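Enquirer: Got a structure for you, questions after.
Quick note: the coordinates plus some simple rules give every number you see, no bench work behind them. Nothing here was measured: the structure is a model prediction, and the numbers come from that model. Reconstructed Cβ throughout: ideal geometry from the backbone, glycine too, with neighbour counts over all protein chains shown.
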Amino acid sequence: MPSGNNLVELIDRLDPVFDEAIVDGNDDELFASGYLRGHFDLVAARLILAGESETEALWPALEQAIDNASHELTPADQTHVKNLYQKLQQRAATSS
């Protein structure tokens, strides 16, 4: 992803990825979407409140949040969350 992208704009562009699971996802995808959305929103809010505007700060912070909470998930749920995380990164790369 090129540097200089605005974090708030990226967050807005990624919102539909979460919404797709509501419309088209199975129960596992819906769970992963809600779970990851909570972490995503919390990480994004913390970065914005800290004055961060570069998109590069999002991915390591989100990955750390997911890793820190991995004990909350079954291995199968971890896989679903990881797949959605990768989908977010892919969407971010193609929308920049």
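Enquirer: Given the DSSP H assignment, sum -39500 (n - 2.57) over each helix run of at least 4 residues in the chain and divide by its residue total; what's the result at 222 nm in deg cm²/dmol, nearest 500?
Expert: Only helices count here, giving -26000 deg cm²/dmol.
Enquirer: Also, I was wondering about something else. Each residue of the stretch 62-68 in order: what ³J(HN,Hα) in whole Hz does its phi give by Karplus 6.51 cos²θ - 1.76 cosθ + 1.60, θ = phi - 60°, with x for Gly and Pro?
Expert: 5, 4, 5, 4, 5, 4, 5
Enquirer: Sticking with this structure for a sec: Report ³J(HN,Hα) in whole Hz for each residue of the stretch 43-48, in order, from the Karplus equation J = 6.51 cos²θ - 1.76 cosθ + 1.60 where θ = phi - 60°; Gly and Pro get x.
Expert: 5, 4, 4, 4, 5, 5
Enquirer: So how many Å³ per residue does the convex hull of the Cα atoms of the chain work out to?
Expert: So the per-residue Cα hull volume is 83 Å³.
Enquirer: Based on the Cα coordinates of the stretch 20-73, what is the per residue volume of their convex hull in Å³? Display every interim value, and only then the final one.
Expert: On the way: hull volume 4.3 nm³, N = 54.
Cα convex hull per residue, to the nearest whole number: 79 Å³.
Enquirer: Let me spell out the model: positive unit charges on the Cβ of Lys and Arg, negative unit charges on the Cβ of Asp and Glu, origin at the Cα centre of the chain. What dipole size does that give, in debye rounded to 20?
Expert: 180 debye
Enquirer: Note down the net charge around Leu47, summing +1 for each Lys or Arg and -1 for each Asp or Glu among other residues with Cβ under 12 Å from its Cβ.
Expert: -3
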